[in-house]
Amino acid sequence: MHTRANLVLYAALAANLGIGIAKFVAAGITGSSSMLTEGVHSFVDSGNQVLLLYGQRRAAQPADDAHPFGYGRELYFWAFVVAILIFAIGAGVSIYEGYRHIRAPAALSDPVVDYAVLGIAAVLEGGSWIVAVREFATGKGDFGWWQAVRRSKDPAGFIVLFEDSAALFGLAVAAVGVWASHYFADPRIDGIASIVIGTVLALVAMLLAREAKGLLIGERADPAVIARVRAIVDGYPGITAVNHVRTIHTAPTSIFVAISADFVDSMTMGDGERLIETIETALKNAEPMLASIYIRPERREDAVATAPGRDGS
């Protein structure tokens with residue numbers, strides 16, 4: 001998963017750096033507000049990809065005494081920072097620039113440069129978007145796109161997918177804004193296009209922030225994984241009942257699981273320890289993402305009652 005995510009990030013970074021420089025040059029030549037906004041958008045996206053790559057590297061650090069479950073959730077922190085940057089810088093600058101251009105419109109020069117840069121940007125951004133779509137589709141399985149985003153525990157892939165989708169939409173809006181400004185001889189339209197782009201970025205940022213927040217505070221494993229864990233534990237004759245299975249992702253491919261199970265009353269402590277070791281081995285073989293397993297022997301009647309779904313069972 002990390003290899004595929006890094007491929008998506010490097011592809012997006014290369015595209016955005018080149019596109020951003022071209023957009024700023026075009027904005028300087030033509031005075032287009034929406035083109036300047038698109039340049040800011042591309043450079044913000046480039047910075048975001050650098051932060052996500054940094055988060056990937058930090059998350060790969062091994063566990064230590066200070067962080068016994070590893071650093072995997074650091075990626076979730078940087079994903080949240082990326083969402084904030086899109087909102088604060090990408091959307092904020094776009095809306096402000098559009099407002100400024102409406103209040104003090106400047107005559108536009110020949111739009112040929114704008115159209116040329118937008119066309120090149122669309123090709124490069126489209127290539128990055130295709131890579132992101134293909135890689136995300138590879139990992140989403142039979143789930144729908146939105147459902148796959150909600151269930152995903154690796155934010156790098158879907159963040160780039162949303163960024164590239166917003167970028168392509170922004171290029172279309174910028175092209176319409178440049179054309180309409182010249183066709184109607186009203187440069188304020190270009191400013192309106194900039195505000196539209198900023199509004200879309202703000203919506204995307206809020207969506208990404210919500211998803212990143214859920215990962216940051218801790219999300220359970222896939223229900224299918226939880227069901228498989230429960231079935232494996234419940235399948236041993238020494239277990240009379242599985243009280244609950246609680247999970248949390250400590251990284252995109254790392255899960256901590258805590259299991260409360262009722263053991264046969266006649267079982268000795270030594271037999272119980274050996275059974276727990278056997279169960280742990282079976283669970284790790286069946287679900288390699290289970291990095292940490294905690295099994296607690298607990299009488300069913302003494303288990304803490306929880307509302308359905310609250311324990312991840």
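The values are calculated or read from the model by the stated rules, or taken from the named source; none is laboratory data. Quantities reported herein were computed from a predicted structural model and do not represent experimental measurements. So basically every Cβ, Gly included, is an ideal-geometry build from the backbone, and we count neighbours across all protein chains shown. Quick note on the areas: whole protein, heavy atoms, side chains included, nothing else; ligands and nucleic acids left out. Shrake-Rupley method; radii C 1.70, N 1.55, O 1.52, S 1.80 Å.
Data overview
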| quantity | calculated |
| --- | --- |
| Qualifying positions in region 138-180 - of a type in the set (Ser, Thr, Tyr) and either open to solvent by 50 Å² or more (accessible area, probe 1.4 Å) or assigned to a helix (DSSP H, G or I) (or both) | Thr138, Ser165 |
| Any pair with Cβ under 9 angstrom, 6 or more apart, that starts in region 290-303 at a residue that is more than 19 Å from Thr278 (Cβ to Cβ) and of a type in the set (A, V, I, L, M, F, W, C) and ends at one that is open to solvent by less than 80 Å² (accessible area, probe 1.4 Å) and not in a loop (DSSP other than H, G, I, E, B) | Ala303/Ala241; Ala303/Asn243; Ala303/His244; Ala303/Ser260; Ala303/Asp262 |
| Residues being open to solvent by 60 Å² or more (accessible area, probe 1.4 Å) and touching a residue at least 60 places away in the same chain (Cβ under 8 Å) - total across region 181-195 | 3 |
| Residue satisfying all of: in region 24-61; within 22 Å of the chain's Cα centre (by Cα) and either without any contact (Cβ under 8 Å) to a residue 12 or more places away in the chain or outside any helix (DSSP H, G or I) (or both); farthest from Ala107 (Cα to Cα) among these | Gln61 |
| Complete set of residues in region 93-109 that are open to solvent by 30 Å² or more (accessible area, probe 1.4 Å) and either in a helix (DSSP H, G or I) or aliphatic (A, V, I, L, M) (or both) | Val93, Ile95, Tyr96, Tyr99, Arg100, Ile102, Arg103, Ala104, Ala106, Ala107, Leu108 |
| Of all residues making up region 79-116, the number that are over 36 Å from the mean Cα position of the chain (by Cα) and closer than 24 Å to Lys213 by Cα | 0 |
| Residue, nearest to Ala60 (Cα to Cα), within region 239-280, restricted to residues that are open to solvent by 80 Å² or more (accessible area, probe 1.4 Å) and free of Cβ contacts under 8 Å to residues at least 60 places away in the same chain | Glu277 |
| Whichever residue in region 117-149 is among the β-branched types (Val, Ile, Thr) and touching a residue at least 24 places away in the same chain (Cβ under 8 Å) and, among such residues, is nearest to Leu208 (Cα to Cα) | Val149 |
| Test: Ile226 is among the aliphatic types (A, V, I, L, M), part of a helix (DSSP H, G or I) and surrounded by 20 or more Cβ atoms within 10 Å (Cβ to Cβ) | yes |
| Some residue of region 203-211 being part of a helix (DSSP H, G or I), more than 30 Å from Ala27 (Cα to Cα), open to solvent by 60 Å² or more (accessible area, probe 1.4 Å) and in contact (Cβ under 8 Å) with a residue 12 or more places away in the chain | no |
